[in-house]
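Following: one structure in structure tokens, then a few remarks.
The values are calculated or read from the model by the stated rules, or taken from the named source; none is laboratory data. Predicted model only: the values in this text are computed from it and were never measured. Only protein heavy atoms, including side chains, enter the accessible area calculation; ligands, DNA and RNA are left aside. Shrake-Rupley method; radii C 1.70, N 1.55, O 1.52, S 1.80 Å.
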Amino acid sequence: MNEQENVVDLLQDIKGLLSHTKKVFNIDDLVKYTGLSKSKIYKLSQLKLIPTGKNKHIRQLFFSKEEIDNWLLGEPNLSDEFLEVQFNEQLLRNKKSGL
């Protein structure tokens, strides 16, 4: 690896570290911050199992870093099995309510 590649890698590392100082994350920021996949984050947000922004005028998902930190420290169940059960329960509730 030459010196220029080392500098580029170092700058990318710094950029990644600086992104964690943001107060509000978008979905891509949250993927990098938590290591969760986009798919899992979308499932969690659909099931309302992850704290998301509440602005009804913004269609894009966004997340408060402070709320995410508190949520992560609360040791949420992120297993695929748990999410599958929650998703199926939501489908049954929607079916019963006629949605």
Roughly speaking, to the nearest percent, how much of the chain's 1.4 Å accessible area is carbon and sulfur? 55 percent
Cross-link reach list, lysines versus Lys15, counting only Cα pairs under 25 Å and skipping chain neighbours closer than eight places: Lys23, Lys32, Lys38, Lys40, Lys65
Counting only heavy atoms of the protein chains, get the accessible area per residue of the chain (1.4 Å probe) and round it to a whole Å² value. 78 Å²
Once phi is turned into ³J(HN,Hα) by the Karplus curve 6.51 cos²θ - 1.76 cosθ + 1.60 with θ = phi - 60°, what whole-Hz value does each residue of the stretch 67-80 show in order, with x for glycine and proline? 5, 5, 4, 4, 5, 5, 5, x, 6, x, 7, 10, 5, 4
Have a look at Phe82, Phe62, Phe25 and tell me which one the Gaussian network model of the chain (Cα, springs below 10 Å) gives the largest fluctuation. Phe82
The chain - mean residue ellipticity at 222 nm from DSSP helices (-39,500 (n - 2.57) per run, n ≥ 4, rounded to 500): -19000 deg cm²/dmol
